[in-house]
Amino acid sequence: MYTSIMNKLFKLSYLIILSFFISCGSDDDGGPTGGGPTGPGLPEASASYTIELTTNFNQTDNPQDYPTNASFGTIVAIAHAPEVSVYSLGQLASDGMALYAESGDVDGLAAFISTSLGEEGDGLFSITTAGMVGPESSASTSVTVTPTRTRITVLARLNPSPDWFLGVSSFNVVNGDELIDLEEMELRPIDAGVILGDTYEANDGDENAAISIYDGAPFGNGNPLTEPLANLVIERDN
């Protein structure tokens, strides 16, 4: 009889523990589990952020082969979940990132993200654009972060170039249990590692290199680039 009672108590304890883990592993909002931004201590409200890019790509700082038709864009701002990665330094460019870096193909980038990581309606990401901006000008767009989208990635392709761009990858708008109000960053050229070439008009064939900060010719004045090509401001609206 003692054994029977102990067995019943054991089974009851097992069921209680099992139900606890099931309830802790579910998401009321249907968002992703495992590292998602809906855990304890993280903000639950949505917020809008203005993304402003101010470029400073001038001939004085970059006299070598300076292009007369220089521009940046289409500028892309993506609010996304922590588990979504648009690009990462030290990693090979995805097919979608390669399309954008080569030709500024935003539709191709968005289609790749959707196919690989889920439609925008699933809550994993949203994309906005700001067109192109001149070499010494500014443009802005806005994104909305949510409990399932707490990272911001910004891209601005340099035209003309083999595959160079400006960007910030997976910037986290959460600081502790609050959303940040303002962040300012200096941006330097990034090489997508897709097309070979060290001039603005170069296309010396396919490359299969990791994405990396680019500090070589033709940027600068025969020395490593000292001035950023742009400044990025991420500012909370509400």
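The values are calculated or read from the model by the stated rules, or taken from the named source; none is laboratory data. From a predicted model like this one, the values you see are computed outputs, not experimental measurements. Neighbour counts are summed over all protein chains in view; Cβ atoms, including those assigned to glycine, are modelled from backbone coordinates with ideal geometry.
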(request) Residue by residue through the stretch 69-104, note down the ones that are touching a Lys or Arg at 6+ places or on another chain (Cβ under 8 Å), buried (at least 19 other Cβ atoms within 10 Å of the Cβ) and in contact (Cβ under 8 Å) with a residue 60 or more places away in the chain. (result) PHE72, GLY73, THR74, ALA79, HIS80, ALA81, VAL84, TYR100, ALA101
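Could you run through the stretch 69-80 and say how many residues are on the phi < 0 side of the Ramachandran plot and outside any strand (DSSP E or B)? Step through it out loud before you land on a result.
Within the stretch 69-80, the subset on the phi < 0 side of the Ramachandran plot is 69-72, 74-80.
Among the residues that remain, those that are also outside any strand (DSSP E or B) are: 69-70, 74-75.
Number satisfying all stated conditions: 4.
What about GLU83, is it part of a loop (DSSP other than H, G, I, E, B), at pLDDT below 95, of a type outside the set (S, T, N, Q) and farther than 18 Å from ILE127 by Cα? Steps first, answer last, please.
Numbers: part of a loop (DSSP other than H, G, I, E, B): yes; at pLDDT below 95: yes; of a type outside the set (S, T, N, Q): yes; farther than 18 Å from ILE127 by Cα: no.
No.
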(message) Checking ASP237 against (1) closer than 19 Å to SER170 by Cα; (2) out of contact with any Lys or Arg (no Cβ under 7 Å at 6 or more places or on another chain): exactly one of these is not met. Which one?
(response) (1)
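In the stretch 139-163, which residue that is touching an Asp or Glu at 6+ places or on another chain (Cβ under 6 Å) and surrounded by fewer than 24 Cβ atoms within 10 Å (Cβ to Cβ) is farthest from VAL194 (Cα to Cα)? Step through it out loud before you land on a result.
Filtering the stretch 139-163 for residues touching an Asp or Glu at 6+ places or on another chain (Cβ under 6 Å) gives 140, 147, 160, 163.
With surrounded by fewer than 24 Cβ atoms within 10 Å (Cβ to Cβ) added as a condition, the list becomes 140, 147, 160.
Working: SER140: 27, PRO147: 34, PRO160: 15 Å.
My answer is PRO147.
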(message) Could you go through the stretch 48-64 and let me know if any residue there is modelled with pLDDT under 95, more than 21 Å from ALA139 (Cβ to Cβ) and of a type in the set (D, E, K, R).
(response) no
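If the requirement is being surrounded by fewer than 14 Cβ atoms within 10 Å (Cβ to Cβ) and closer than 26 Å to LEU92 by Cα, which of these qualifies: PRO224, PRO228, PRO218?
PRO224
Sort out which residues of the stretch 49-68 are assigned to a strand (DSSP E or B) and either free of Cβ contacts under 8 Å to residues at least 60 places away in the same chain or under 16 Å from the mean Cα position of the chain (by Cα) (or both), and write them in order of number. Outline the logic, then answer.
Initially, the stretch 49-68 is screened for residues assigned to a strand (DSSP E or B), giving 49-55.
Those that are assigned to a strand (DSSP E or B) and either free of Cβ contacts under 8 Å to residues at least 60 places away in the same chain or under 16 Å from the mean Cα position of the chain (by Cα) (or both): TYR49, THR50, ILE51, GLU52, LEU53.
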(request) For the stretch 183-238, name all the residues that are within 21 Å of PRO67 (Cβ to Cβ), at pLDDT 95 or above and among the acidic types (Asp, Glu). (result) ASP191
(request) Name, by its number, the condition in (1) touching a His at 6+ places or on another chain (Cβ under 9 Å); (2) part of a helix (DSSP H, G or I); (3) not charged (D, E, K, R) that does not hold for ALA98. (result) (1)
(message) Taking the conditions exactly as written (of a type in the set (Phe, Trp, Tyr), assigned to a strand (DSSP E or B) and crowded, with 17+ Cβ neighbours inside 10 Å), does PHE112 satisfy them or not?
(response) no
